[in-house]
Amino acid sequence: MINKGFTLIETLVAVLLLAVAIVGPLTIASKGLTATLVAKDQFIGFYLAQDAIEQVRFLRDSACLATPGDSTGCPSGVWLSGLNNCLVSVNPNGCILDSLASNPATPAACGSTCDIMRYDATNHIFNYNPAMPLTPQQFIRTVKITNTTPDEAVVTVEVNWVDRAGITRIPITVRENIFRWQ
């Protein structure tokens, strides 16, 4: 007499093959999602760094335009006057600044570490307003300016963060030379 149907071992092998066929694509999808979240944080970090560079340029230009110069342009002692807290010679830990000039209104010196940026979900902006909740990606932006010559300075912005999984990521560092242009 021949029994027709599956034995227990055949069933287990079929279930194992089905599980392997499902786990592979799910693992790939999971890794892709993780890579996407890391890339998103890197983009945000880069744009936060670039935003700080643009704010430093704005403060430099505002200081020069607000002070009448002579025929040589902006006086050399004035062009970085609004950025004193960011100068490494004054504060080696750097400073924080808000591109919306609301909190803090001027660059504020960092203590041993700079403050964590907060995300305003209503206006979709990052700032230092303590009334805003912390975001899962805790971005810390540090601005340092090294005055190399009377007419040139190096601006270094470093953005560090801890991602949703609690992993500290490699910081984004942007450096740019600025000049007393007037």
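Angle of helix 8-66 to the longest C-alpha principal axis of the chain, folded into 0 to 90 degrees and rounded to 10: 10°. Carbon and sulfur: what percent of the chain's accessible surface (1.4 Å probe)? On the chain, the fraction of accessible area on carbon and sulfur atoms equals 64 percent.
Normalised by the number of residues in the chain, the mean separation of alpha-carbon contacts (under 8 Å, six or more apart) gives a relative contact order of 18 percent. Remark: the chain carries 61 Å² of accessible area per residue (probe radius 1.4 Å; ligands, DNA and RNA excluded). Once you reduce the range 8-24 and the range 123-178 to the center of their Cα atoms, the two points are 50 Å from each other. Stokes-Einstein, applied to the Kirkwood radius of the chain over Cα pairs at a viscosity of 0.692 mPa s and 37 °C, places its translational diffusion at 167 µm² s⁻¹.
The values are calculated or read from the model by the stated rules, or taken from the named source; none is laboratory data. Worth saying up front: this structure is predicted, and the values here are computed from it rather than measured. Surface accessibility is based on the protein's heavy atoms, side chains included, excluding ligands, DNA and RNA. Shrake-Rupley method; radii C 1.70, N 1.55, O 1.52, S 1.80 Å.
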